[in-house]
1. Restricting to segment 109-128, and then to whatever is in a helix (DSSP H, G or I) and open to solvent by 40 Å² or more (accessible area, probe 1.4 Å), can you tell me which residue is nearest to residue 374 (Cα to Cα)?
2. Residue 376: open to solvent by less than 10 Å² (accessible area, probe 1.4 Å) and over 17 Å from residue 274 (Cα atoms), yes or no?
3. Need the failing condition index for residue 344 against (1) polar (S, T, N, Q); (2) surrounded by fewer than 24 Cβ atoms within 10 Å (Cβ to Cβ); (3) under 22 Å from residue 123 (Cα atoms), just the number.
4. Just for strands (runs of 3 or more DSSP E) wholly inside segment 291-396: which have at least 3 residues that are over 16 Å from the mean Cα position of the chain (by Cα), more than 22 Å from residue 70 (Cβ to Cβ) and of a type in the set (Gly, Ala, Ser)?
5. If I ask for residues that are closer than 17 Å to residue 188 by Cα and without any contact (Cβ under 8 Å) to a residue 40 or more places away in the chain, which ones from segment 51-92 would you list?
6. Could you pull out every one of the strands (runs of 3 or more DSSP E) wholly within segment 188-277 that has 2 or more residues that are charged (D, E, K, R) and under 22 Å from residue 382 (Cα atoms)?
7. Does residue 306 satisfy the criteria of being open to solvent by 20 Å² or more (accessible area, probe 1.4 Å) and at pLDDT 90 or above?
8. Cβ-Cβ distance below 8 Å, separation of 6 or more or different chains: which pairs start in segment 174-186 with a residue that is closer than 10 Å to residue 131 by Cα and end on one that is part of a loop (DSSP other than H, G, I, E, B) and of a type in the set (Val, Ile, Thr)?
Amino acid sequence: MRVGYGKNTDPVAAVREAVAALGPSARPPQIVMAFAGGKLDPFAVRAALADQLGPVPVAGGSAAGAISRQGLGYSGFEIGLVAFDDPATAPQLIKSDALGRGERVAGAELGLQVRQTVNDASVVVMFFDSVASTAPPRLHYASAIVAGFNEAIGNAPVTLIGGGMLTDMNMTGAWVFDGDGVNKHATTALIFPPCIEAETEILHGCRPVSTFMEITRIDGATVYELDGEPALGVIERMLGLPIGGGRGQELSLIATLGQKQGDPYAPYDERSYVNRLILTAHADTGAITLFEPDFERGAMVQIMSRDNSLMLESVRRGVTAANASIQDRAALLALYIDCAGRASAMSGSPIEEAELVAQGLDPNVPLLGFYSGVEVAPFAGDRSKPLDWTGVLTLLRKRR
């Protein structure tokens with residue numbers, strides 16, 4: 001598995017640079033994974049990949065930025081590639097165009113294809129269009145996609161990892177490479193052969209700043225009340241922000257709503273939380289809209305502060321754990337699916353946490369990452385879940 005990175009305002013030049021960085025190979029790739037910045041024309045990128053690599057299937061799509069040891073950034077002009085050369089370890093690409101008919105439908109359609117393909121324990125990497133519309137702003141909800149997928153695969157032994165495609169940090173658009181071309185409102189997946197397994201570290205960075213509160217009124221992804229009070233007012237009061245005053249949108253940069261999994265009275269462990277970013281705040285109704293609609297009335301949640309020092313500590317700890325897991329076993333590829341909100345331009349962190357991954361991970365392991373809208377990963381021994389404001393670092397290696 002070879003990794004290449006390029007950056008140029010000209011999509012053809014960016015592709016050429018990334019392909020050159022892949023280095024030589026004795027055979028053409030079986031399939032390519034590509035993540036292209038949203039300022040690059042996707043059709044020009046896809047045509048350039050075909051020109052440089054031939055009629056090879058391409059999976060992936062738009063990303064707010066790309067991450068590699070050769071460079072990283074989120075200007076919108078980056079492109080990252082992975083070439084899978086060995087037929088024995090190359091994944092199979094499947095897709096669904098059903099997002100326009102509903103996220104759960106698309107997830108189930110993809111899951112059924114996986115179930116019909118997989119007989120032994122297999123790793124599946126999913127990519128999907130994150131942006132349903134911009135006016136009004138609406139996402140393709142990863143929780144519904146994953147729920148449909150999990151229902152459809154039944155008892156199939158699958159490890160699901162994935163990420164939502166974005167064109168930029170402002171979520172103004174998204175598109176997917178679906179094998180042959182460029183697609184909107186689509187979901188794709190790479191099914192790796194049973195000889196490949198995954199080791200995943202989930203990197204967090206939030207801490208609770210409130211007691212447990214009950215969601216007393218909610219509609220889909222919009223939370224109206226916490227403990228019987230307008231949710232926006234409760235959160236702003238807890239965080240010390242003025243209520244209203246046009247500052248509601250700042251909540252998305254500093255806080256999440258978190259649900260603790262397992263024993264609520266167990267000592268604090270960041271790995272026990274599923275956090276939901278705040279997409280919008282509504283001063284007129286006192287409501288907040290989350291990135292996902294999977295919280296329910298009666299759920300006990302906490303306000304979580306996005307903590308940069310904790311984020312960097314979590315990255316260092318996760319990279320150390322990843323390195324320890326490969327001391328006696330070679331990894332073929334490290335894939336880093338990184339929430340766009342963790343970039344220093346959004347989080348205000350003095351250090352790019354992705355640089356800590358690139359610099360700290362075993363240099364013998366090829367690394368490619370992208371800045372995503374939502375991250376999907378196995379959670380606490382359960383089926384995979386969509387996560388917010390996390391970095392999902394996955395090592396692909398040959399199974400013993």
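1. Restricting to residues being in a helix (DSSP H, G or I) and open to solvent by 40 Å² or more (accessible area, probe 1.4 Å), the top hit is 109.
2. Answer is no for this residue.
3. Going through (1) polar (S, T, N, Q); (2) surrounded by fewer than 24 Cβ atoms within 10 Å (Cβ to Cβ); (3) under 22 Å from residue 123 (Cα atoms) one by one, residue 344 breaks only (3).
4. Numbers: elements: 300-306, 331-339, 367-372, 375-379, 382-387.
Once the strands (runs of 3 or more DSSP E) in segment 291-396 are filtered for at least 3 residues that are over 16 Å from the mean Cα position of the chain (by Cα), more than 22 Å from residue 70 (Cβ to Cβ) and of a type in the set (Gly, Ala, Ser), nothing remains.
5. 56
6. 196-203
7. no
8. From residues that are closer than 10 Å to residue 131 by Cα, the pairs are 174/167; 175/167.
The values are calculated or read from the model by the stated rules, or taken from the named source; none is laboratory data. It should be emphasised that the depicted structure is a prediction, and the values quoted were computed from it without experimental measurement. For neighbour counting, all protein chains shown are included, and Cβ atoms are generated from backbone atoms with ideal geometry for every residue, glycine included. Side chains included, ligands, DNA and RNA excluded: accessible areas come from the protein's heavy atoms. Shrake-Rupley method; radii C 1.70, N 1.55, O 1.52, S 1.80 Å.
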